[in-house]
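Asks: Can you read through this structure? Questions will come right after.
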Amino acid sequence: MGAQKKGAARVSEDPDDLARQPLQAILLADSFATKFRPITLERPKVLLPLVNIPMINYTLAWLESAGVAEVFVFCCAHSRQVIDYLENSEWYSQPNFSVKTIESHHSISAGDALRLIYERNVIHGDFVLISGDTVSNMSLTQALQEHKDRKKKDDKAVMTMIIKQSKPSPITHQSRLGTDELFMAIDPNTKQLLYYEETADHSKGTICLDKMLLAENPSISVHNDKQDCYIDICSPEVLSLFTDNFDYQHLRRHFVKGLLLDDIMGYKIYTHEIHSSYAARIDNYRSYDIVSKDIIQRWTYPYVPDVKFCGNRATKLERQGMYRASEIVQSRSAQVGPFTVIGYSTRIGSNTKISNSVIGEGCTIGSNVLIEGSYIWDNVTIEDGCELRHAILCNGVVMKAGSVLKPGVVLSFKVVIGEHFVVPAYSKVSLLPQPTVEDSDEELEYADSSSGTVELSSIQGTVDQSNGKISESSEVHKSELGTGGVGYIWATSEGGHEEEWRHSVAPIPADKLAEITQAVNDDQELVTQDGTVLTPAGEFVSDTNSNVSLDDDNEDSKDDSVYFEKEVEATFLRAVEENVKVDLVILEVNSLRLSYNMTSADCAGAIFYSMMKLALKTPHSSASELQRNVANVITTWQKLLKSYLPDIDEEIEVILKFEEMCLESAKDFSPLFARILHVLYDKEILQEDAILRWADEKEDADESDKVFVKQSEKLIQWLREASEEED
Amino acid sequence: MDFQVVVLAGGTSKELSPLVSKEVPKALLPVANRPVLSYVLELLELNNLKDVIVVVEGEDAALRVGGWISGAYVDRLHVEVAAVPEDVGTAGAIRAIAHHLTATDVLVVSGDLVSDVPPGAVAAAHRRHDAVVTAMLCSVPVSGPSESGSSGPKDKTKKPGRYNIIGMDPTKQFLLYIATGAGIEKDTRIQKSILRAAGQMDIRSDLMDAHMYAFKRSVLQEVLDQKDKFHSLKQDVLPYLVRSQMRSELFLNGAPQAVQADEIGRDKVGSQSNHMMQSQILANASMPSFHELYSYGPNGSAPVRRTHKCCAYIASNNKYCVRLNSIQSFMDINRDVIGEANHLSGYSLSAQNNIIHPSAELGSKTTVGPHCMLGEGSQMGDKCSVKRSVIGRHCRIGSNVKVVNSVVMNHVTIGDGCSIQGSVVCSNVQLQERVTLKDCQVGAGYVVSAGCEYKGESLARKEK
């Protein structure tokens, strides 16, 4: 038997060849996200210290111990800094472990990165795909073996995803690491991943499994209690898949979803659950906080401060989880609490209390300072009487005497907080002004890299050049951070202040929790009301099933039409702004129409809606001015609208849409209804037949429904007479 | 046990025509020469559930069923027979007899269930979790359709399985999702809230709701009162209870507002403190279920949400559990109870693996194969062959007759040279010489004239 197997293996040499290949890894040293701004404007995320050691070291140390022989570090934003750091580190001189860097300035997403790596043709076998902000101590052996075995049997099994048990909070719908809750469907026998959803969209109360899924698998487990570790074991096909599908950007949102939805190629993703070992990715400030605590509490052993794994300074573990490096000068009266790390040659003044915090090297902390749950990096000066709770202070920050940081504050490099200044909760302070050019949401995701680097190198130059200059500029912004303060408080992004607590270093305050609990309850009620998850008793008809199903379908299409309308509106507005040619707009709307499977009546309705919205938005002071706006818009875009009005039915749809607008979203139009109708008639957008048919249809309607018919009675009358005359 | 049992025996179901008729309601269809209802009643008796209400659709049918029960089960069970109008649905049937229900919990069993899954175990699971409903689930039978009514015998060729889509928690004790009927043909939509509470849900399409439910009586009545449109327990009431378990709407009126979450649904009548103790002891035996965890606020504060539990009892694979709700299943069950599931019929097999009543007469060179049954007083001529078939009482069968994979009921006369394959021949039918039937159903009292050949047809007398 054994001999036979060997013989067989020799014939098909490939799989064994792959097994003998040294294991490779791709480490993405760029998160392609902006969650760590403003810090990441000045330093790449992978070099940010995590318990006094730059994050990338945890990842590299784990890769080395897991048996990876060759790591390609993909650098994008601040690539120079990453490369310089690695060149000066000991990673370049390890035996049996080679670290190579790949630099790119154009990649704006993980997808771009992998496409570039594919072009370089450096990956020859299975590889580990990981981002440089991952901390783990798991053993890869088993997962790797499983992956290889599967691959031998089925060459479509291209990826194994590492997952871990972690139940998100039922209240905030967030995992412990501050990431959005994740819904996965996994085949319990084969561990194949069948469904993956990590959207923060809480509006949908249900997840929807395709019926084909259940037809093929008699048993499926749907999980809400797993966490994605963002460690993937991939076959080389993954890279080519990224190249084939040039629109794949995000590893999960595009790639994983794409593979799951695509049943033509039939590529499969599997999961491997780890139980006793640690794996977590630092995705946001919350996970930074949580992972730091896990490291201090030694869940990540051997990657803990008192074990030298990457040339970190000797640190001793004392009782109660206190780690102290050498040369610390500490006043007798200072109280340093449990689970605290204090870096090399830091000075701590008298009566200072520190607990659950990490303090870097060369910091100077004055007297009567209170530090709780904070992360203080290197060379920070904290003067007497300051108070900090749950804050992050980057290198070189100076807190003048008596200043206070409320929970959730992030102070980027070299910020100076003025005397007795109180920084409000969740503020982000940086020497760099907040970038103002934030295009669309989509771009924001990847913006960090390209726009960041250029702008930064110049600014950084100025920062480093002369302190004088800074103080000069700070004079202007003096008010912002108190007397002597230097830096800008960033305005919270559109997401709003409300969402800030979700990803902050600070724990979620209790009152917030109570508030959300309430909201969640209300939410659920809402979901049940309009989601037809629970049809109210009254609507139940004896033939329940078919009835509910109908509702469901309606619900779907309704959703779709809302999205469709929004998309059309966005397209239209963009067209207006950028002066896009009508033909091109028609092309775009047509493609939207196809993708949403809408009729031309829907298009007409949506376009008309957007036009009226535009007219409404154009500043106007009186009704007549508004009417003029409408006339203008209609004149400019009549060709567009006309192209979706092949028939009377569509025209009636437009009238109905207009009526609906007048009643609901844009009441301003309601007094003008008849006049605008007339305009539409004059511009030959509506034929008289359409108007008359509409009036006829409304004949039997409720009185309330007839308001606008009455309003336009004159016009209708006139049209009727005209048509009779013609006859 | 304070359990009342309701057996829904149905009436003269249309799917089973021409097998059922006014004279033979569904409950009295013979399975291995015993009315199908007797299987349920004996199963209940075996589990010491003796307080039974049999609900029959239609007065006539009720009279017939009642007559039979009073003859067969006098002194053994305390059975009441109640008649309800036809087409009220299972929910309507319970509504109609609600005033008879007094016990804390009600076990509702379909009268067409042929099974050896102990209802006592279902009742125990129900009590253990203090659930509002416990449904018995069994694995999907290997052959034959179907969802009651939705598909006729035509769908025979459909691949087995897919009666329900059922979601359960990882411990397989709680029911989190259920789709029946038309729902299973669509995409499955799962409420996130339930998933959040439970963490994990195993979705199975290889299980079937066997229509044996334990309900908390008060809850059942409340739901039926409030939702007067609910027609079927299986398709309306159970899915409703499962869907709303994380946001129970039960007892919002009537009971005081400050009811403890785990006290919801507890019957106010009876020795409450005693009951409390008991359920607490039982509850402590296991980890608190996610329902309790979910119902409490963030810091274990007072319960903020009302929940109720829907449990499932999964019959083990070696148990037999099939419902007689189609002609195909009628044949399957008949074949099974004299075959592999013969312990259900109560007959013991002979050395040839068949059951031949001592009073039956066989002609020369007549063979009766294994897994066959020949009823009392039946006579067979020469050179006959019977394979995997049931033949009822007092049948007269001529010579050279072949009966394969068929069911022949009582007092049937079969002429010489007939061949019957895969068919059901009801009582008092007369088959004249050389009749060939393949996959046919012949209604009671029908006469098939000599030499006819039928394939896949349903033959019945015209209703008078």
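Asks: Cα-based Rg of the stretch A:40-157 per 2.2 N^0.38 Å, rounded to two decimals?
Replies: That ratio works out to 1.12.
Asks: Just rank A:M399, A:M184, fewest to most, by other beta-carbon atoms within 10 angstrom.
Replies: The fewest-first ordering by Cβ neighbours comes to A:M184, A:M399.
Asks: A follow-up question, please. Mind checking the alpha-carbon convex hull of the stretch B:404-464 and giving the volume per residue in Å³?
Replies: Once divided by residue count, the hull of the stretch B:404-464 is 63 Å³.
Asks: Continuing with this model, one more query. Could you work out the Kirkwood radius for the stretch A:559-603, taking every pair of different alpha carbons, averaging 1/r and inverting it, reported in Å?
Replies: That comes to 10.5 Å for the stretch A:559-603.
Asks: Please work out the ratio of the alpha-carbon Rg of the stretch A:252-377 to 2.2 N^0.38 Å and round it to two decimals.
Replies: Working it through for the stretch A:252-377, the quotient is 1.46.
Asks: For the stretch A:670-677, take each phi angle, set θ = phi - 60°, evaluate the Karplus expression 6.51 cos²θ - 1.76 cosθ + 1.60, and give the result in whole Hz per residue in order, putting x for glycine and proline.
Replies: With the stated coefficients, the stretch A:670-677 comes to 4, x, 8, 3, 4, 5, 5, 4 Hz.
Asks: Let me ask something else. If each residue's Cβ is checked for other Cβ atoms within 10 Å, how do B:C311, A:C76 rank with the fewest at the top?
Replies: B:C311, A:C76
Asks: Over the alpha-carbon set of the stretch A:150-221, work out the extent along each principal axis and list the three values in angstrom, largest first.
Replies: That works out to 42, 27, 17 Å along the principal axes.
Asks: If amide H atoms are built 1.01 Å from N in the plane of the peptide, which residues on other chains or at least 5 residues away come under 5 Å of the amide H of B:L176?
Replies: B:G167, B:M168, B:D169
Asks: With a point put 7 Å past each Cα toward its Cβ, work out how far B:D87 is from A:R628 in nm, to one decimal.
Replies: It is 6.9 nm.
Asks: Scan around A:L50 for amide H atoms under 5 Å from its own, H built in the peptide plane at 1.01 Å from N, and keep only partners 5 or more places away or cross-chain.
Replies: A:M55
Asks: Okay, next question. In whole Hz, what ³J(HN,Hα) sequence does the stretch A:252-268 give by Karplus (6.51, -1.76, 1.60; θ = phi - 60°), x for Gly and Pro?
Replies: In residue order, the calculated couplings are 8, 5, 9, 5, 5, 4, x, 5, 5, 7, 7, 9, 7, 6, x, 5, 10 Hz.
Asks: What is the dipole size for the stretch A:664-727, taken about its Cα centre, with +1 at each Lys and Arg Cβ and -1 at each Asp and Glu Cβ, in debye to the nearest 20?
Replies: For this selection, approximately 440 debye.
Asks: Collect residues whose amide H, placed 1.01 Å from N in the peptide plane, falls under 5 Å from the amide H of B:V424; neighbours closer than 5 in sequence don't count.
Replies: B:V407, B:C440, B:Q441, B:V442
Asks: Find the percent of Cα-Cα distances in the stretch A:108-177 that exceed 17 Å, and round it to a whole number.
Replies: 62 percent
Asks: Next question. So between A:D149 and A:E103, what do we pick up on full extension, going 0.36 nm a residue minus the alpha carbon distance?
Replies: Extra length from A:D149 to A:E103 when fully extended: 13.2 nm.
Asks: Same structure again: I want to check the label-to-label distance for B:N317 and A:T141. Put each point 7 Å from Cα in the C-beta direction and report it in nm to one decimal.
Replies: Simple spin-label model gives 3.3 nm for this pair.
Asks: So what are the ³J(HN,Hα) numbers for the stretch B:454-459, from phi and the Karplus equation (6.51, -1.76, 1.60; θ = phi - 60°), rounded to whole Hz, Gly and Pro as x?
Replies: 10, 9, x, 10, 10, 10
Asks: Give the residue from A:I382, A:N395, A:Q335 lying farthest towards the positive end of the charge dipole for the stretch A:317-396; charges sit on Cβ (+1 for Lys and Arg, -1 for Asp and Glu) and the dipole is referred to the Cα centre.
Replies: A:Q335
Asks: How many angstrom lie between the C-alpha centres of the stretch A:79-118 and the stretch B:431-453?
Replies: 84 Å
Asks: So what's the net charge close to B:L63: Lys and Arg +1, Asp and Glu -1, counting the other residues with Cβ under 15 Å from its Cβ?
Replies: My count for the surroundings of B:L63 gives -3.
Asks: For the stretch A:257-302 and the stretch B:167-246, write down the distance between their C-alpha centroids in whole Å.
Replies: So the separation of the two Cα centres works out to 33 Å.
Asks: So, one more: I need the per residue convex hull volume for the stretch A:552-711, using only the alpha carbons, in cubic angstrom as a whole number.
Replies: 114 Å³
Asks: Can you give me the distance in nm between label points at B:S350 and B:K365, each placed 7 Å from the Cα along the Cα-to-Cβ direction?
Replies: 2.0 nm
Asks: Using the alpha carbon gyration tensor of the stretch A:308-371, what are the three equivalent-ellipsoid semi-axes (square root of 5 times each eigenvalue), largest first, in whole Å?
Replies: That gives 19, 13, 9 Å for the three semi-axes.
Asks: Please rank A:I171, A:I648, fewest neighbouring Cβ atoms within 10 Å first, as an exposure proxy.
Replies: A:I648, A:I171
Asks: According to the square roots a ≥ b ≥ c of the eigenvalues of the Cα gyration tensor, what is the shape class of the stretch B:302-405, taking rounded for a/c under 1.5, prolate for a/b larger than b/c otherwise, and oblate for the remainder?
Replies: Judged from the Cα gyration tensor, the stretch B:302-405 comes out prolate (a/c at least 1.5, a/b above b/c).
Asks: I'd like the distance between the alpha-carbon centres of the stretch A:146-208 and the stretch B:44-59, rounded to an integer number of Å.
Replies: 47 Å
Asks: Can you pull the Kirkwood radius for the stretch B:343-464, inverse mean 1/r over Cα pairs, to one decimal in Å?
Replies: Across the stretch B:343-464, the inverse of the average 1/r is 14.0 Å.
Read-outs: derived from the displayed coordinates by stated rules, not from any lab. Treat the numbers as computed from the prediction; the structure is a model and nothing was measured. Positions of Cβ are generated from backbone atoms using ideal geometry, with glycine treated the same way; all protein chains shown enter the neighbour counts.
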